[in-house]
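Worksheet: one structure, shown below.
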Amino acid sequence: MPELPEVETVRRRLEPVLVGRRFEHVEIDDARLTRPADPAEVAAELTGERVEAVERRGKYLVVRFESGRVLLIHLRMTGNVLHAPAGAPVDVSHRRAVVNLDDGSDVVYRDVRRFGTWLLVEPGDLNPYLTARLGGEPIGRTFTTKSLAAKLAGRKAPVKAALLDQRTLAGLGNIYVDEALWRARISPLKPARDLGPEQVKGLRDGIKRALDAGIARQGATLRDYRQPDGSRGSMQDEFKVYGRGGEPCPRCGTPIEKTRVAGRGTWYCPACQRSD
Ligand SMILES: [Zn+2]
């Protein structure tokens, strides 16, 4: 499932091809993409909009139009936003929507599992929508040890569960939480409220380093994630613990173990990431 580094990679690739472009024609083939809104109605509303900016908030792509409206895209499990230059074929499997741009190129939305969503948001409605669902961004200057400590204080849930909650920090998921906790040498099972000040500082740095690594490698392609040009990310080759059960810890050589936290497969080093 795409997390912050994957969505940020898509954003960086889409920005130069979308900003300034007008949506000439929009076709939405799947009612699940826009429900409860009618897909034909959303397509008609999007037609004629001109893109002012392509931003990201957590795992959401935020396409801002000059009109003040916003198209909020969430890729969920298997969504891909592909960009086909003018003249290139757009005949892809599992296509759910296509946008013809005014330079002759196309944006194609593909989604095998069909959990992704497109939400057209009217001016002024975006911030209330996102604020109700998301905590702060875990990259950038506002992400400090102090802000993270405030989010974790008093929470008896395992730190991994607390970090998967999008209201703690926006954009982390199963992969990058495991990678961040390994970097910080913190057990995924440790109650969030029991982290000492040094551990919170280490966790803040670990989160930042794990996400930076993911962005530098254009995200992780396990199955479905693709960049807008169809290419894969390479972060999967750099995982320290995620999916590496039984392999030696890159730091101490102890075999990586797998457990479940918050219902999710969780990988960690039992020697480096002790819970006591
Ligand atoms: Zn280790």
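For segment 4-23, give me each residue that is part of a helix (DSSP H, G or I) and open to solvent by 20 Å² or more (accessible area, probe 1.4 Å).
The answer is 11, 12, 13, 15, 16, 17.
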Run residue 1 past the list (1) assigned to a loop (DSSP other than H, G, I, E, B); (2) free of Cβ contacts under 8 Å to residues at least 60 places away in the same chain; (3) more than 18 Å from residue 126 (Cα to Cα); (4) open to solvent by 40 Å² or more (accessible area, probe 1.4 Å) and report the number of the one that doesn't hold. (2)
Looking at 49, 45, 41, can you tell me which residue is under 13 Å from residue 71 (Cα atoms), acidic (Asp, Glu) and open to solvent by 70 Å² or more (accessible area, probe 1.4 Å)? 45
Considering only segment 232-241, I want to know if a residue exists there that is closer than 30 Å to residue 95 by Cβ and touching a residue at least 40 places away in the same chain (Cβ under 8 Å). yes
Consider residue 180 carefully, then state whether it is modelled with pLDDT of 95 or more, closer than 30 Å to residue 15 by Cβ, within 16 Å of the ligand (Cβ to nearest atom) and of a type outside the set (Asp, Glu). yes
Are any residues in segment 202-236 within 16 Å of residue 137 (Cα to Cα) and either open to solvent by 70 Å² or more (accessible area, probe 1.4 Å) or assigned to a loop (DSSP other than H, G, I, E, B) (or both), and if so, which ones? 209
Pairs please, first residue from segment 118-138 and open to solvent by 10 Å² or more (accessible area, probe 1.4 Å), second anywhere and outside any loop (DSSP other than H, G, I, E, B) and of a type in the set (Asp, Glu), Cβ atoms under 6 Å, 6+ apart in sequence or on different chains. 120/45
Name the residues in segment 225-271 that are under 30 Å from residue 11 (Cβ atoms) and of a type in the set (Val, Ile, Thr), would you? 241, 261, 266
Residue satisfying all of: in segment 250-268; in a loop (DSSP other than H, G, I, E, B) and touching a residue at least 12 places away in the same chain (Cβ under 8 Å); farthest from the ligand (Cβ to nearest atom) among these: 262
Any residue in segment 93-114 that is farther than 20 Å from residue 20 by Cβ sitting within a Cβ distance under 7 Å of a residue that is of a type in the set (Val, Ile, Thr) and open to solvent by 40 Å² or more (accessible area, probe 1.4 Å)? List the pairs, counting only those 6 or more apart or interchain. 94/112; 110/92
Looking at the structure I just gave you, is residue 191 farther than 25 Å from residue 75 by Cα, within 16 Å of the ligand (Cβ to nearest atom) and either out of contact with any Cys (no Cβ under 9 Å at 6 or more places or on another chain) or open to solvent by 70 Å² or more (accessible area, probe 1.4 Å) (or both)? no
Condition first: open to solvent by 10 Å² or more (accessible area, probe 1.4 Å), in contact (Cβ under 8 Å) with a residue 40 or more places away in the chain and in a helix (DSSP H, G or I). Can you find one or more residues in segment 24-35 that meet it? yes
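The values are calculated or read from the model by the stated rules, or taken from the named source; none is laboratory data. Please read all numbers here as calculations on a predicted model, not as lab measurements. Methodologically, a virtual Cβ is constructed for each residue, glycine included, from the backbone with ideal geometry; neighbour enumeration extends over all protein chains shown. For accessibility, only protein heavy atoms count, side chains too; no ligands or nucleic acids. Shrake-Rupley method; radii C 1.70, N 1.55, O 1.52, S 1.80 Å.
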